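Heads up, the thing below is written out as structure tokens.
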Ligand SMILES: Cc1cc2nc3c(=O)[nH]c(=O)nc-3n(C[C@H](O)[C@H](O)[C@H](O)COP(=O)(O)OP(=O)(O)OC[C@H]3O[C@@H](n4cnc5c(N)ncnc54)[C@H](O)[C@@H]3O)c2cc1C
């Protein structure tokens, strides 16, 4: 999961190539990336009856695997969870040509097709799907810190985290919280340092994110907020107030950015590297045979505005919409609501929709009680709910999923929402 703002502001470090007409249904689709979005794209192509050629380029040398278990099962699952088992789609049987250990290193787009450069020669195709995911952020000067994004990162981290080891996690976001919880449960001495006033601030805002702060002490984790790291070394970190935190392992968990640097000026990119795509995942400003999906994509949604990637469900479900539009078999394109899940510090979280910084937040249930709670973000002064976060409330998860399945944002009764006696789904205004 990446800690990314909903709509990066400035466009393009390169001029947009002029949009060109689509050259018609492709006979050869090249997919750059071999993760979840790539696997789902190839599976969706075949499910839609596409019998043309599919070539997949993957930077990693191992078959596609699932990333969420890397943090949640960091210490109890030493092998990757292969996507062929997890989502039931095996690239090796679905694609004609799967080249692992072969990163795409450049893209040339013409009106009729594309050419992808690789270290072992070029691949020409009629259409390209960019699904190269994201890379963990490691700020300059933090080379002594580990990051967690790949199975190899997980192996290195696992080998260093024996009982009694001192771990300093920089960043109380989704991944920092998950790693802190599993490490502390295994007897690691964990300190989490967060520059903002509370955890999960960039995803939920500090007011709601701050409600998770007590979970850290309850799990045996020391949490330091409003704490700025000024120096990172292999043996610890130094904070702006001079405090030194000794460590055997330092983990930088300060977000991820779309892995699109290899595109250089071939396509218009946002300042964070993401690619703006329309409802059919066509890259805005490029011919329609250039598509992007998963963590690289900043998707236009009628319901939510611009939706960044960075979450598993978008990479799982986006490809089906992309393929339907690419092959011209789409009816009305599905506008999949953003959905993030997380298991952290003994709690189950599910976030539907996209909270806005100016939204009004209504709480349902008591965060200090034991029955779970739910937060609902309402558009300022309105009944439209922009997002719902459920914490340890499986019944609200089902209701929230349904509420965000309609064309428009759900309209809810703020007064009823507060009251746990009213099932969430019955708070909808007609
Ligand atoms: C530790 C961790 C825990 C997570 N937990 C959750 C969670 O609980 N809930 C949730 O919603 N999301 C979670 N996520 C996020 C989720 O896993 C991602 O959103 C999802 O994997 C995105 O899929 P993707 O296919 O876009 O990218 P990826 O899965 O990253 O796949 C992209 C692939 O492309 C490859 N690649 C990169 N550059 C190139 C290139 N130039 N050429 C060819 N290949 C290239 C990469 O090596 C990678 O294999 C987690 C992520 C991590 C790292």
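All of the numbers you see were taken from the coordinates with simple rules; none came from a lab. Source: prediction; values computed, not measured. Because the Cβ atoms are built from the backbone with ideal geometry, glycine has one as well, and the counts that use them run over all protein chains shown.
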Subtracting the Cα-Cα distance from 0.36 nm times the residue separation, let me have the gained length for residue 122 to residue 408 in nm, one decimal.
98.6 nm
Under 15 Å by backbone N from the virtual spin label 7 Å along Cα-to-Cβ at residue 105, the residues of segment 228-265 are 261-264
Take every Cα pair under 8 Å in segment 328-394 that's 6+ residues apart, average their separations, divide by the length, and report that relative contact order as a whole percent.
29 percent
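Which FRET efficiency value, to the nearest 0.05, is calculated for residue 363 and residue 301 with the Förster distance at 35 angstrom and r the Cβ-Cβ distance?
Numbers: r = 26 Å, r/R0 = 0.74.
The computed FRET efficiency comes out at 0.85.
Restricting to segment 89-191, compute how many DSSP beta bridges are antiparallel as a %, nearest 5. If you can, show how the numbers build up before the last one.
Details: 7 of 10 bridges.
Percent antiparallel among DSSP bridges in segment 89-191 is about 70.
When a/c is below 1.5 the answer is rounded, else prolate if a/b is larger than b/c, else oblate, so apply that to segment 151-252 with a ≥ b ≥ c taken from the square roots of the Cα gyration tensor eigenvalues. Mind showing how you got there, number by number?
Working: a/c = 1.69, a/b = 1.25, b/c = 1.35.
Oblate shape, in that a/c is at least 1.5 and b/c is the bigger or equal ratio.
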Relative to the present Cα-Cα distance, how much length would full extension add between residue 218 and residue 347 at 0.36 nm per residue of separation?
45.3 nm
Percent RCO, i.e. relative contact order, over the chain, from Cα pairs under 8 Å lying at least 6 residues apart
17 percent
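What does DSSP give for the chain in terms of the percent of beta bridges that are antiparallel, rounded to the nearest 5? Could you put the intermediate results ahead of the total?
Values: 49 of 81 bridges.
Once the DSSP bridges in the chain are tallied, antiparallel ones form about 60 percent.
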Separation between the residue 153 and residue 426 pseudo-spin-labels, each 7 Å from Cα along Cα→Cβ, expressed in nm?
4.5 nm
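First measure r as the distance between the Cβ atoms of residue 419 and residue 185, then evaluate 1/(1 + (r/R0)^6) with R0 = 41 Å and state the FRET efficiency to the nearest 0.05. Please list the in-between numbers first.
Numbers: r = 35 Å, r/R0 = 0.84.
According to the calculation, E is roughly 0.75.
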When the chain is treated as a Gaussian network with springs between alpha carbons less than 10 Å apart, the largest mean-square fluctuation among 239, 389, 167 is found at 239
Quick check on the chain: take the gyration tensor over C-alpha atoms, sort the square-rooted eigenvalues as a ≥ b ≥ c, and tell me if it's rounded (a/c under 1.5), prolate or oblate.
oblate
Compute the length gained on full extension between residue 401 and residue 81: take 0.36 nm times their separation in residues and subtract their Cα-Cα distance, giving the result in nm to one decimal.
112.6 nm
Efficiency of FRET from Cβ geometry, residue 207 and residue 48, R₀ 41 Å, rounded to 0.05
0.40
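Would you work out if segment 226-369 is rounded, prolate or oblate? Take a ≥ b ≥ c from the square roots of the eigenvalues of the alpha-carbon gyration tensor; rounded if a/c is under 1.5, else prolate when a/b is larger than b/c, oblate otherwise. Please list the in-between numbers first.
On the way: a/c = 2.62, a/b = 1.52, b/c = 1.72.
It comes out oblate by the Cα gyration axes.
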